[in-house]
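**Student:** Below are the structure tokens for one structure; questions will follow.
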Amino acid sequence: MAGIQEMALGIASVLRSGSAPNPLPVDLWGYAPDDGADFLRHLADECADADIAVQEMWADPAFVHQLTRSKTETGSLLRGISITADPDCQGRIEVVLANS
């Protein structure tokens with residue numbers, strides 16, 4: 001099974017290919033909130049390093065709360081990418097690419 005960092009690299013590769021739907025849903029069912037937060041960090045890093053124009057990511061609120069270490073925060077900014085807690089994203093994230 002691929003680790004969190006390898007999964008983020010794979011998703012970044014799909015985003016870079018130009019064939020991904022926009023937004024791209026990424027299911028993380030069964031992952032703990034700290035793993036979801038790590039995935040968000042790694043994906044933001046991979047996308048920024050590869051110059052992939054990600055406008056924002058919507059994520060399971062548990063992942064965002066773990067990322068911000070606050071139950072009251074509804075979002076964060078990673079490597080210039082807005083991360084927003086979305087109650088409709090239970091167990092997943094959605095990556096929104098900037099319009100080209």
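The values are calculated or read from the model by the stated rules, or taken from the named source; none is laboratory data. Nothing here was measured: the structure is a model prediction, and the numbers come from that model. Neighbour counts run over all protein chains shown; Cβ positions are idealised from the backbone, glycine included. Quick note on the areas: whole protein, heavy atoms, side chains included, nothing else; ligands and nucleic acids left out. Shrake-Rupley method; radii C 1.70, N 1.55, O 1.52, S 1.80 Å.
**Student:** When the helix-only estimate is applied to the chain (DSSP H runs of n ≥ 4, each -39,500 (n - 2.57), divided by the residue count), what is the mean residue ellipticity at 222 nm, nearest 500 deg cm²/dmol?
**Tutor:** -12500 deg cm²/dmol
**Student:** Sticking with this one: Which trypsin sites (Lys or Arg not before Pro) in region 15-88 pass both tests, a DSSP loop state and at most 11 other beta-carbon atoms within 10 Å? List each step's numbers first, then the result.
**Tutor:** Values: sites: ARG16, ARG41, ARG69, LYS71, ARG79; in loops: ARG69, LYS71, ARG79.
For trypsin sites (Lys or Arg not before Pro) across region 15-88 that sit outside H, G, I, E and B with at most 11 neighbouring Cβ atoms in 10 Å, the list reads ARG69, LYS71.
**Student:** Let me ask another. Of the heavy-atom accessible surface of the chain (probe 1.4 angstrom), what whole percent is carbon and sulfur?
**Tutor:** On the chain, the fraction of accessible area on carbon and sulfur atoms equals 50 percent.
**Student:** By how many nm would the segment from SER13 to ARG79 grow when fully extended, if each residue of separation counts as 0.36 nm and the alpha-carbon distance is taken off? All intermediate terms of the calculation are to be shown ahead of the outcome.
**Tutor:** Details: separation 66, 0.36 × 66 = 23.76 nm, distance 1.75 nm.
That works out to 22.0 nm of additional length.
**Student:** Could you check the simple spin-label distance between ASP51 and ALA32, using points 7 Å along Cα→Cβ, in nm with one decimal?
**Tutor:** Once both label points are built, they end up 3.8 nm from each other.
**Student:** Might you work out the accessible area of GLU73 for me, using a 1.4 Å probe with all protein chains in place, and round it to the nearest 10 Å²?
**Tutor:** That residue has around 80 Å² of solvent-accessible surface.
**Student:** Can you give the accessible area per residue of the chain, in Å², using a 1.4 Å probe?
**Tutor:** Ligands and nucleic acids excluded, the result is 54 Å² per residue.
**Student:** On to the next question. So for the pair ASN22, GLN90, with labels modelled 7 Å out along Cα→Cβ, what separation do we get in nm?
**Tutor:** About 3.0 nm separates the two model spin labels.
**Student:** Moving to a separate point now. How large is log10 of I(q)/I(0) for the chain at q = 0.15, 0.16 Å⁻¹ when the intensity is taken from the Debye formula with one equal scatterer per alpha-carbon?
**Tutor:** Rounded to two decimals, the profile gives -0.51, -0.58.
**Student:** Restrict the search to region 10-100; then list the chymotrypsin sites (Phe, Trp or Tyr not before Pro) that DSSP places in a loop and that have at most 12 other Cβ atoms within 10 Å of their Cβ. Could you put the intermediate results ahead of the total?
**Tutor:** Numbers: sites: TRP29, TYR31, PHE39, TRP58, PHE63; in loops: TRP29, TYR31.
Passing sites in region 10-100 are TRP29.
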